[in-house]
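The values are calculated or read from the model by the stated rules, or taken from the named source; none is laboratory data. If you're wondering where the values come from, they're calculated on a predicted model, not measured in any experiment. So basically every Cβ, Gly included, is an ideal-geometry build from the backbone, and we count neighbours across all protein chains shown. Accessible surface areas use protein heavy atoms only, side chains included; no ligands, DNA or RNA. Shrake-Rupley method; radii C 1.70, N 1.55, O 1.52, S 1.80 Å.
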Amino acid sequence: RYQPGDELVESTVGKELGVSRTPVREAIRQLELEGLVDLIPNKGTIVNGISAKDVRDIYSIRSKLEGLCAGWAAKYRTEKELEQLEETVYLSKYHAQKEHYEQVFELDSRFHEILYEASHSKILAHTLSDFHQYVQKARKLSITSRVRSKKSNEEHEMILEAVRAGDEKRAEELATQHILNTISNLEQWGIEKALTPENKK
């Protein structure tokens, strides 16, 4: 709900969330460390948000890290994690055919979360999870287009096959390209549009 330029007031946010000011203060400090807000003397906490350049930067970095993650998943994944990936791909295809795009979006997130877990690197999983959240709105715009959701499912299926085969190099290449394809699709839509508040479109 908060947009770039908005002020975050600890007491107001606390009332909205039904919590005391202490956890709000801690959350704001974390947001400052992540560059999402600025603490300006005599003015307060101002929201920076995510810019179009931030989205491009995140996807560029993600393309490298997601590739690394998929390669490690091909090497270290368990049978349970493989089964979870298979189930997610199957359900994604089903919901995409039914044009249930909210479910497709959720399953897209789930596919990547399982890959992060399957890499068996908590550092990499944590970093990628943060990036995933930062561009949530842009991701949703991309995945809810009929053409892109179908293509994304096909790309997930190819990544799955490489992970199943234990082909680290192939999994890495496919996952890297998958993220590059996503940002390319977003560029066609217009990243600025994806970041525009709903009531200002």
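Any idea of residue 143's accessible area? Nearest 10 Å², probe 1.4 Å.
10 Å²
Which whole number of Å³ per residue matches the convex hull of the alpha-carbon atoms in the stretch 27-85? Please list the in-between numbers first.
Numbers: hull volume 7.4 nm³, N = 59.
Expressed per residue, the convex hull around the Cα atoms of the stretch 27-85 is 125 Å³.
Give me the distance in nm between label points sitting 7 Å out from Cα along the Cα-to-Cβ direction at residue 2 and residue 17, one decimal.
0.9 nm
On C-alpha positions alone, give me the angle between the axis of helix 101-118 and the longest principal axis of the chain, in degrees, nearest 10.
With both axes taken from Cα atoms, the answer is about 80 degrees.
About the Cα centre of the stretch 76-133, how large is the charge dipole given +1 on each Lys and Arg Cβ and -1 on each Asp and Glu Cβ? Please answer in debye to the nearest 20.
Result for the stretch 76-133 is approximately 100 debye, rounded to the nearest 20.
Give the residue from 68, 85, 95 lying farthest towards the positive end of the charge dipole for the stretch 57-96; charges sit on Cβ (+1 for Lys and Arg, -1 for Asp and Glu) and the dipole is referred to the Cα centre.
The one lying farthest along the dipole's positive direction is 68.
How high is the relative contact order of the chain, in percent, counting Cα pairs under 8 Å that sit 6 or more residues apart?
It rounds to 27 percent for the chain.
Of all the Cα-Cα pairs you can form in the chain, what percent are over 26 Å apart?
I get 40 percent for the Cα pairs in the chain exceeding 26 Å.
So what is the accessible area of the chain per residue, in Å², with the probe set to 1.4 Å?
In whole numbers, the chain has 56 Å² accessible per residue.
With +1 on each Lys and Arg Cβ and -1 on each Asp and Glu Cβ, and nothing else charged, work out how big the dipole of the chain is about its Cα centre, in Debye to the nearest 20. Spell out each step's value before the answer.
Details: 30 positive and 34 negative charges, 97 e Å.
Here the size comes out at about 460 debye.
How many angstrom separate the Cα center of the stretch 1-74 from the Cα center of the stretch 112-161?
Between the Cα centre of the stretch 1-74 and that of the stretch 112-161, the gap is 20 Å.
Of all accessible surface on the stretch 1-157 at a 1.4 Å probe, what whole percent is carbon and sulfur?
Summing carbon and sulfur atoms, their accessible area is 52 percent of the total for the stretch 1-157.
Taking all protein chains together and a probe of 1.4 Å, list 148, 170, 21 from the most accessible to the least accessible.
Solvent-accessible surface, decreasing: 21, 170, 148.
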